[in-house]
Each structure stands twice: as structure tokens, then as C-alpha cells.
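The values are calculated or read from the model by the stated rules, or taken from the named source; none is laboratory data. Small disclaimer: the values here were computed from a predicted structure and weren't measured. As a convention, Cβ positions derive from the backbone with ideal geometry for all residues, glycine included, and neighbour counts pool all protein chains shown. To get the accessible areas, we keep the full protein, side chains included, count just its heavy atoms, and leave off ligands, DNA and RNA. Shrake-Rupley method; radii C 1.70, N 1.55, O 1.52, S 1.80 Å.
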Amino acid sequence: MLAAAGRRTIDALTFLGEVSLIVARAFRELPTFFGRGFRPVSRVLLKQIYFTGVQAWGVIVVLFFLIGALIIRQIISFAGVEGAPLTGKVLAWIVVRELGPVLTAVIVTARSGTAIATELASMRINGEIDVLETMGIPAARYLIMPRVLGAAAAVALLALYAEVVAVAGGFLFGAMAWGISLEQYNQGIVPFLTVREAGVSLFKSFAFGLIVAAVCCRQGLSVEGGPTQIPIAATKGVMRSLLLVFLVDAIITAATLS
Amino acid sequence: MEAPVRIVDAFLPPLLEGANHDFAKGSVTEVVAGGEDACGILLEALSGLRLLEGGKILLLGEDPAELSREELCALRSRMGVFHRGGGLISNLKVLENVALPLLYHSPEGAGAIAERAAAALERAGYRGNLFELPGRLSASQRAAAGFARVLAADPEIAVYDRLSGDLHEDEREAFLHEAFAFHRERPGRVTIFLGPRAGSIAAGGAGTVVHLTKGRFA
């Protein structure tokens, strides 16, 4: 049993090491972005941002509008309408600190994470990565860097967008349902929303984007065998991404909450 | 004058066991590797994807094992490799597949590259939608697109891995005819055909046939 636990620990550490290496590789490639291969690499980067950020836009709007409305409803149910300043404060608190970055990462994991893992696993099994290398196109620059950094940038922007939609949605719902004024609402939000809070939220989102993309790249690129391994890579990519996102969320939250 | 491709005491058992061969400037050589897997491994060794356990393979005077990644990329950009079945990238359309190495390595404008890629596809006998993804193509269309990628790159070394593997007789003849014509267009170009069994590849257009048996070229 001890041996099994030891093996699992070593596997987990190896996995973390490989994911960190992928993130490091992505950043190492960044200075060469404008060098050789700029055109095809930038195309992959834009595609990744479009797929992760722009195409997920609709889901994010609906989801976070509902979240904003639901949170307001819950607060009103225990604090009453006279607790209107509290609605803005609690909403901003929950959404900006936690739900914005985390839920966005979950959505991106479900959409883009699976796509990244499946695409790379399929390319690996079909020998396409070797084909790229023989053409003098390094996989780290063409496949990893644009996916990891593109997904991270997209998650950060999506989370920011999601937070704005949730706060605005909450206000709209509160105003229509209970006549909460913008002034009352702002009394709770404005003192809370400091640059630090926004910065931590942005940092979290960017880190989660890096994690999701790097884990899914790792799962996709480490596939061996036949096509039956592709869905397994995608599933593992999703599960491990979520686990790491929540773990890192706990660490960042513990480190930044004072 | 040093041969552009030199295999010197190459050791990669069981495929290469002290193998030596020079692919001279301007030569066309058919290498009979003795098996499907052997062709793949030999291609990996020739393109520097698989490192030898001993000896060296020199490409255009350089040992891939001693190059930095940037240097290796630059060296590979001077080679054109036809992978079995075309070796197309599944998430790129046909035209993008052919244009990709040019877009990556060449300073030429995107429009000129697209024109060059389209012309290469036509020359390779590709008859189909240029904006189709590889998954929807027939075996011969995929092979034509892979061949077009070599044509568009105009490489100093052209390596064809099982070029005629999945093709009908007439398609095979047309491909070989075009490959030999392409070889003659650039003085000094080295053309290597890899195949599992002795065929009529090099016999179809002045060349030599070497057999890889028991780890050595004969």
C-alpha cells in the first residue's frame, strides 16, 4: 500500500513537472513569436483566442447573467430590499473573487480543453507532429505556445467579461424586481472593487487558462497507441485540469485573502 | 565534392548496423529497406527525428545531432519529405497544408505563396477542392497534396517515403514521372525513394537501387 501511494505521488509530481514544463516552453517561445514562422503561429494563436474566447461568449453571457440574478434573489431573500447595498457587495465579492475565474475556467475546460486534448492526441497518433518537425516546424512553437498563451489570454478576457455581465445582470434583475437603484447598488460594489481585487481576479483567470491549456496539451501529446486513446486523453485532460484549477484556486485564495 | 546526404558508420539496430552510403549530388536512389517499419525508421533517421546510437548521418554537410533547434529547423527547411499517405495536417485545408512550410520559412508574401501552392497542387495532379480538409480526401488526393508540398518547397534533398504505396498503377506512373521531372529541374538535387520492396521506382528514370540488408547498404 505504501509502495502504491509512493508510486501515485511520483506520478502526480511527474505530471505536475510536465505541465510546468509545457507552460515554461510556451513562455520560452514567446520572444521568438515575431521571428521565423510568425504568420502560421499567429494564425494558430488567433484561432485559439477566437475559439476559446469569442465562441464561448454566448454561453458566458447567459450563464453569468443568470448567476447575477440568482445571487441577487438569494441575498434579497434573507436581507430584504433594505439590504440593497449588500446585494452589490456580496455579488461582486462572490463573482469577482471566485465564480468569475473558476466558472469561466470550467466552461473553457469543457469546450476548449477537450478540443485541445483531442486535436493534439489525434495529431500525435496520425504522426502529424513528426510531419511538422520534418518540415522544420517545432511543435513547441507551432502547437503548444499559441494554444497555451491564446487560451490563457482568452480565459482572462472571458472572466472579466463574465464578471461585468454578472454584476450588470444582477443590477438589472434587482432594479426590475425590487426597484433597487443604481446608487444603492453601487454603495456595495464601489468600495469593494479595488485594483487589487480586480488584479487578483485577472491573475487567477490567466493562471487557470494556462493550467487548462497546458494540462490538455500534455494529455494530448502523451497519447500512445491507437485512436481509442483519444477520448481517454480528452477525459483525463478535463478531469486533471479541473482538479488543478480548484487546487490552484485554493492556494491563490489562501495567499491573497488577508 | 562531398555528397549532400552521407550515412557514415550508422548504428541504429536492427535497421542500421555500421551502414555506409553516400547519396551523391544530383543522384536518384531507391532504397529498398526491407519492410514497412524499416522505411519509417529510416525516414526518421534521415530527417533527424531519431538519433543514431553510433555513427552519423550528414545532411548538406551538417550532422543533425549536433545542431541547435533553430539550425535543425533551417536545415529541415531545405529538405522536402513526402510522408506515406501524404502526411497532411488534419486541421489544415489542402492549400494551407501545402503552403504551411513556405509560410513558416519563407519571407515571400502570403498571396505569392498561395499561388505557388495552388500551382504545385495542380502540377501534382490534385483535382479537388483546395479548401477541403484532409479527412474528406481520397488516398490519391492526399498523396497528391503531400507531393505538392514537396514540389512547392523546391528542396535540395527530396525524400519520398513509399510514394506509390496506396496508388493505382496509372497514378503511380504519373507521380513518378513528375517526381523525376522535378528532380531534374534543380541541379544537384538529391532524390531518395524509400520503399519496402524492390520496385521500379528508380528503374523508371535513371537511378540506383540500394538494398538495406542486415543493417548495411548493398
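Candidates in the range B:1-10 are the residues that are part of a loop (DSSP other than H, G, I, E, B) and open to solvent by 20 Å² or more (accessible area, probe 1.4 Å); of these, the one that is modelled with the highest pLDDT is B:GLU2.
Being open to solvent by less than 10 Å² (accessible area, probe 1.4 Å), under 30 Å from A:THR118 (Cβ atoms) and either free of Cβ contacts under 8 Å to residues at least 60 places away in the same chain or within 15 Å of the chain's Cα centre (by Cα) (or both) is the requirement here; does B:VAL94 meet it? So B:VAL94 passes the test.
Filter the range B:121-136 down to residues that are farther than 22 Å from B:THR191 by Cα and away from chain A (no Cβ under 14 Å) and give me whichever is most open to solvent (accessible area, probe 1.4 Å). Once the filter is applied, the top-ranked residue is B:ARG136. From the list A:MET135, A:MET123, A:MET145, the lone residue that is farther than 27 Å from B:PHE82 by Cβ and within 14 Å of another protein chain (Cβ to nearest Cβ) is A:MET145. Taken together, the residues in the range B:67-88 that are facing chain A (nearest Cβ under 7 Å) and crowded, with 22+ Cβ neighbours inside 10 Å amount to 4.
Yes/no per residue for (1) in a helix (DSSP H, G or I); (2) surrounded by 13 or more Cβ atoms within 10 Å (Cβ to Cβ); (3) more than 14 Å from chain B (Cβ to nearest Cβ):
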position: A:ALA5; (1), (2), (3): yes, no, yes
position: A:THR9; (1), (2), (3): yes, no, yes
position: A:LEU13; (1), (2), (3): yes, no, yes
position: A:VAL19; (1), (2), (3): yes, yes, yes
position: A:ALA24; (1), (2), (3): yes, no, yes
position: A:PRO31; (1), (2), (3): yes, no, no
position: A:PRO40; (1), (2), (3): yes, yes, no
position: A:VAL44; (1), (2), (3): yes, yes, no
position: A:LYS47; (1), (2), (3): yes, yes, no
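For A:ALA175, are the conditions met, namely being open to solvent by 10 Å² or more (accessible area, probe 1.4 Å), within 14 Å of chain B (Cβ to nearest Cβ) and of a type in the set (Gly, Ala, Ser)? Here the answer is no, as A:ALA175 does not meet what is asked.
Going through (1) open to solvent by 30 Å² or more (accessible area, probe 1.4 Å); (2) within 13 Å of chain A (Cβ to nearest Cβ) one by one, B:PRO13 falls short only on (2).
Within the group A:VAL190, A:VAL248, which residue is open to solvent by 20 Å² or more (accessible area, probe 1.4 Å), among the β-branched types (Val, Ile, Thr) and either within 11 Å of A:ALA105 (Cβ to Cβ) or under 11 Å from the mean Cα position of the chain (by Cα) (or both)? First the steps, then the outcome.
Details: A:VAL190 fails: either within 11 Å of A:ALA105 (Cβ to Cβ) or under 11 Å from the mean Cα position of the chain (by Cα) (or both).
So the residue among A:VAL190, A:VAL248 that is open to solvent by 20 Å² or more (accessible area, probe 1.4 Å), among the β-branched types (Val, Ile, Thr) and either within 11 Å of A:ALA105 (Cβ to Cβ) or under 11 Å from the mean Cα position of the chain (by Cα) (or both) is A:VAL248.
Residues in the range B:47-66 that are more than 9 Å from chain A (Cβ to nearest Cβ) and open to solvent by less than 30 Å² (accessible area, probe 1.4 Å): 6 in all.
When the helices (runs of 4 or more DSSP H) confined to the range A:61-137 are screened for residues that are surrounded by 24 or more Cβ atoms within 10 Å (Cβ to Cβ), those reaching at least 3 such residues are found at A:84-94, A:100-108, A:114-125.
Only one entry of B:ALA153, B:ALA118, B:ALA139 meets the criterion of being more than 19 Å from B:GLY80 (Cβ to Cβ) and open to solvent by 10 Å² or more (accessible area, probe 1.4 Å), and that entry is B:ALA139. Among the conditions (1) buried (at least 18 other Cβ atoms within 10 Å of the Cβ); (2) modelled with pLDDT under 95; (3) more than 19 Å from the chain's Cα centre (by Cα), the only one that B:TYR160 does not satisfy is (3). Show the residue pairs meeting these rules: Cβ distance below 9 Å; 6+ apart or different chains; first residue within the range A:241-258 and free of Cβ contacts under 8 Å to residues at least 24 places away in the same chain; second residue open to solvent by 40 Å² or more (accessible area, probe 1.4 Å). Correct list of pairs: A:LEU257/A:ARG97.
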